[in-house]
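Let me begin by presenting the structure, written as structure tokens, before commenting on it.
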Amino acid sequence: MTKRNPTAGPQDSFRSKAGKIVYWIATVWLSLGMLSTGIIQLLKTEEEVNMITRLGYPVYLLTIIGVWKILGVVAVLIPKFPLVKEWAYAGFFIAMSGAVLSHLLNGDETKHIFGPTLLIILTVASWYFRPADRKVPALPAGRILVNQ
């Protein structure tokens, strides 16, 4: 049972519903993108092998990235484990921003950064609009952890 804010009006309800819709659309597309590219990387298709070597990376990196993408999708989609979700989102962002930078620094055509850029946008949208039960709980006010 969800707790409702007694002062929340119809506009708040609309924002809440719209946020959930945006979250699930972004999360489904993010998951499909990461899952499909992760599988392709694990299959080590000729196109992927050529691309990764052209960028200057070893071929075994395809296996590492592919496995982590698939595990990240599982983490983002399953209920609970909010801290694991945070790490998955961070991993997606780091991997895709690294892909964009690698293509740019390699002098690749702009078309090569479209996919990773779209996945960055979907990562940020999914992370931003995620429901409260999928977020790491905040520390109570006044409970800042500081080494003394």
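The values are calculated or read from the model by the stated rules, or taken from the named source; none is laboratory data. Bear in mind that the values here come from a model prediction, so they are computed numbers and not experimental data. Glycine gets a Cβ as well: all are built from the backbone with ideal geometry, and neighbour counts include every protein chain shown. Side chains are part of the model used for accessible areas, which takes the heavy atoms of the whole protein and leaves out ligands, DNA and RNA. Shrake-Rupley method; radii C 1.70, N 1.55, O 1.52, S 1.80 Å.
Some notes on this structure:
- Accessible area ranking (1.4 Å probe, heavy atoms, ligands and nucleic acids excluded), largest first, for D108, D133: D133, D108.
- Within the range 20-109, all pairs of alpha-carbon atoms sorted by distance into 5 Å bins from zero give the percentages 3, 14, 21, 24, 18, 11, 6, 3, 0.
- Only protein heavy atoms count here; on that basis, with a 1.4 Å probe, K20 has an accessible area of about 110 Å².
- Surface calculation, 1.4 Å probe, protein heavy atoms: L35 sits at approximately 70 Å² accessible.
- The Cα atoms of the range 91-141 give a gyration tensor whose axes a ≥ b ≥ c have a/c of 1.5 or more with a/b greater than b/c, which makes the shape prolate.
- Close lysine pairs were tallied over the range 42-127: pairs 8 or more places apart or on different chains with Cα atoms under 23 Å apart number 5.
- Maximal additional length on extending the T110-W87 stretch stands at 5.4 nm, based on 0.36 nm per residue less the C-alpha distance.
- Cβ-Cβ FRET estimate between K135 and W29, R0 fixed at 22 Å, reported to 0.05: 0.60
- Solvent-accessible area per residue, Å², over the range 8-143 with all protein chains present [probe radius 1.4 Å]: 64
- Local net charge near G115, Cβ-Cβ under 14 Å (Lys/Arg +1, Asp/Glu -1): -2
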